[in-house]
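The values are calculated or read from the model by the stated rules, or taken from the named source; none is laboratory data. All values derive from a computational prediction rather than experimental measurement. Note that we place each Cβ from the backbone using ideal geometry, even for glycine, and neighbour counts take in every protein chain shown. Please note that ligands, DNA and RNA were not included when accessible areas were found on the heavy atoms of the full protein model with its side chains. Shrake-Rupley method; radii C 1.70, N 1.55, O 1.52, S 1.80 Å.
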Amino acid sequence: MLHAKNRMQPYLPINVTYFNDRKYDYLQKTIYHTFRTVFLPFLPVKIYGKHFDKTMGRKTKDVQSMLGLFILQALFDLKDSDAVEAYTFDQKFHYALDIKEQEAYLSARAFYYYKTILLGTEDHIFEQILAKIFDELQFDYSLQRTDSSLVRLNLKKMSQWELFKKTLIKALNDIKAKHPVIFKSVPEHIQQYIQNDENNTWFSDFTPSKANDYLVQAARDALELKELFESHPKISKLESFQLVQRLINEQVDVDDQGQIKVEIKEECKGSAMANPHDPDAQYNGHKKDIGVKLNTSETCAPDKDTPNPQIITHAEVTPANISDHELLQPSIDAREEKGFKPDVELTDNGYESDANHQALQEKGVDLIAPPTGKPPEGFGVMDFELQENGQSIDACPMGQTCIENKINQKKQKTASYFDPEQCRACPHSEDCPIKITKRKAKVEWQWSKPRLEARRHAFQEDQELINLFKQRAGGEAGFSQLKVNLGLRRLRCRGSVKSKFKIIMAVTALNIKRAFNWMKGGSSGSRARNNKDFEPDTGILLFFFWLFCSYLRKILIVSGLRPKIFS
């Protein structure tokens with residue numbers, strides 16, 4: 001039976017816990033008190049609703065406390081065993097999760113049971129916490145910065161030969177465990193992979209000079225295993241055997257003479273399997289490691305003197321091989337749906353592209369990102385007199401009329417022609433992008449080039465724009481906190497579902513931490529939280545009223561006259 005306490009009652013600013021006054025006063029100044037009073041009552045109970053009946057069965061743990069436990073685990077970067085221990089014995093956790101000491105027991109099995117239910121719901125939890133933070137702080141989200149970082153997984157970066165060997169061993173062990181009779185039909189030289197792995201010592205028969213021969217032999221064994229069981233109704237459905245098939249499809253080519261070539265195929269580069277123990281993990285060419293990419297957007301101030309809580313408004317986990325510029329438009333759309341669309345977006349040049357600039361401009365968002373390359377030393381296409389559609393040139397910077405514009409709609413480029421005699425006589429011909437030959441003077445230009453040159457020029461000359469863009473660098477601090485303090489330097493889990501849950505919960509915990517620091521009002525000029533609690537006199541009256549109702553309830557229970565309102 002689904003059990004959740006009713007925590008929507010007004011907070012009483014007096015000690016009604018089992019702590020003494022000194023401990024209670026100390027806790028009120030900590031993040032445990034903020035979590036208990038601000039965030040815990042608003043954690044979504046409906047996540048567990050479809051898994052438990054509302055009236056039938058044994059009562060569950062308080063589901064808000066369980067959900068809060070996983071957030072606190074991320075906040076303090078606790079191992080699973082430490083989180084179970086903290087729930088059972090740590091009085092600070094008891095206070096933060098609003099549980100009584102006699103109720104504070106949790107088995108490891110129950111911990112993983114409740115955690116498994118939450119897998120896949122982390123985005124909803126993040127959005128609920130974000131909405132509550134906005135309700136409390138009313139922060140300004142008109143200026144935001146977006147950045148990404150690779151979160152490394154607990155996986156080894158394998159060579160090709162090791163990748164084939166481990167994939168074969170994984171498949172063979174699976175066949176041997178689930179279908180021992182069928183395993184006997186596997187050729188002995190392929191079974192040898194398991195025996196060598198089980199008898200592994202400090203010394204091996206691997207010779208680096210023969211690495212390519214070993215790789216070709218492993219590919220040949222994989223092909224033989226595939227041919228043996230490809231049509232088998234049971235073996236072909238094993239996930240480990242399908243990994244062998246995937247590895248062959250991505251890296252093995254056999255020519256007409258039967259020669260085997262092992263090389264990642266062109267269409268599979270960037271998406272090929274990197275480790276059989278986590279097939280979803282991808283290789284990141286920029287960081288030269290295996291993991292997933294975390295893309296975040298957070299609020300920021302236009303200068304360092306203006307305070308801002310730096311709340312993360314969007315977090316997305318993607319494969320490591322996805323390019324940054326593909327993530328920007330979906331990020332803006334997601335924030336618009338949540339009601340946090342920015343007016344100005346700061347990013348690095350990984351997100352910069354003319355398509356992104358044009359798309360965000362249509363959405364009413366000004367993208368500020370440094371374009372690659374340098375502005376032209378002389379004249380650029382932006383200095384020419386362009387038509388309103390931006391696809392043709394009317395005249396050069398010196399006023400010479402363009403003779404002809406040949407427009408290529410498919411390639412979105414134009415070839416503009418001028419009088420070669422006038423161009424040769426021009427004193428600025430060396431500074432002009434027009435190429436002069438014997439018979440013609442021509443400049444070929446992409447339609448995006450004038451806009452690109454204008455942005456390059458702005459980042460060279462516009463000091464106000466340069467100072468605003470400096471605030472983008474502050475986004476690195478969030479990743480530093482996530483990796484150093486919240487356990488995202490290298491994840492202790494595998495699989496895309498578990499990895500995403502761990503990462504989004506860490507981002508949620510960072511938001512709570514930043515909101516708590518902002519509510520404390522530590523920095524000068526920071527906006528303190530509106531005190532929505534009742535005044536002390538009103539709180540005391542409510543406390544005595546609560547005591548009266550409690551005694552009245554007990555009297556009615558003893559007398560057998562309990563009305564439904566007290567049930």
Among the residues listed as Glu162, Glu136, the single one being open to solvent by less than 50 Å² (accessible area, probe 1.4 Å), part of a helix (DSSP H, G or I), without any contact (Cβ under 8 Å) to a residue 24 or more places away in the chain and not small (Gly, Ala, Ser) | Glu162
Failed item, numbered, when Val317 is tested on (1) more than 18 Å from Glu476 (Cβ to Cβ); (2) in the same structural domain as Lys500 (by the TED database); (3) outside any strand (DSSP E or B) | (3)
Could you tell me which numbered condition Glu101 fails, if it satisfies all but one of (1) in contact with a helix residue (DSSP H, G or I) (Cβ under 9 Å, 6 or more places away or on another chain); (2) under 23 Å from Ile129 (Cα atoms)?
-> (2)
Within the range 428-473, how many residues turn out to be touching a Ser or Thr at 6+ places or on another chain (Cβ under 8 Å), under 27 Å from His357 (Cα atoms) and in a strand (DSSP E or B)?
-> 3
Could you tell me whether any residue of the range 112-123 is closer than 16 Å to Tyr48 by Cα, of a type in the set (S, T, N, Q), in contact (Cβ under 8 Å) with a residue 24 or more places away in the chain and open to solvent by 40 Å² or more (accessible area, probe 1.4 Å)?
-> no
Breaking point among (1) in contact with a Leu (Cβ under 9 Å, 6 or more places away or on another chain); (2) open to solvent by 50 Å² or more (accessible area, probe 1.4 Å); (3) polar (S, T, N, Q), for Asn295 = (2)
Go through the residues of the range 337-353 one by one and say whether even a single one is without any contact (Cβ under 8 Å) to a residue 40 or more places away in the chain, of a type in the set (D, E, K, R) and loosely packed, with under 13 Cβ neighbours inside 10 Å.
-> yes
When the range 404-424 is checked residue by residue, the ones that are open to solvent by 100 Å² or more (accessible area, probe 1.4 Å) and under 10 Å from Lys442 (Cβ atoms) are Lys406
Looking at the range 227-239, is at least one residue touching a strand residue (DSSP E or B) at 6+ places or on another chain (Cβ under 9 Å), at pLDDT 85 or above and in the same structural domain as Ile175 (by the TED database)?
-> no
Only residues that are open to solvent by less than 40 Å² (accessible area, probe 1.4 Å) and in contact with a strand residue (DSSP E or B) (Cβ under 8 Å, 6 or more places away or on another chain): list them for the range 354-367, please.
-> Asn356, His357, Leu360, Val365, Leu367
If a residue has to be touching a residue at least 60 places away in the same chain (Cβ under 8 Å) and more than 14 Å from Glu352 (Cβ to Cβ) to count, how many in the range 362-383 make the cut?
-> 6
Within the range 184-222, count every residue that is surrounded by 11 or more Cβ atoms within 10 Å (Cβ to Cβ), modelled with pLDDT under 85 and of a type in the set (Phe, Trp, Tyr).
-> 1
Please name all residue pairs, on different chains or six or more residues apart, with Cβ atoms under 8 Å, provided the first residue is in the range 240-259 and is of a type in the set (Val, Ile, Thr) and the second residue is not in a helix (DSSP H, G or I).
-> Val252/Ile260; Val252/Lys261; Val252/Val262; Val254/Ile260; Val254/Lys261
So which residues in the range 46-74 are open to solvent by 40 Å² or more (accessible area, probe 1.4 Å) and of a type in the set (A, V, I, L, M)?
-> Met56
Hits in the range 141-159 - residues which are surrounded by fewer than 18 Cβ atoms within 10 Å (Cβ to Cβ) and within 26 Å of Gly521 (Cα to Cα) | Ser142
Could you tell me whether Ile407 is touching a Phe, Trp or Tyr at 6+ places or on another chain (Cβ under 6 Å) and either under 25 Å from Lys438 (Cα atoms) or touching a residue at least 40 places away in the same chain (Cβ under 8 Å) (or both)?
-> no
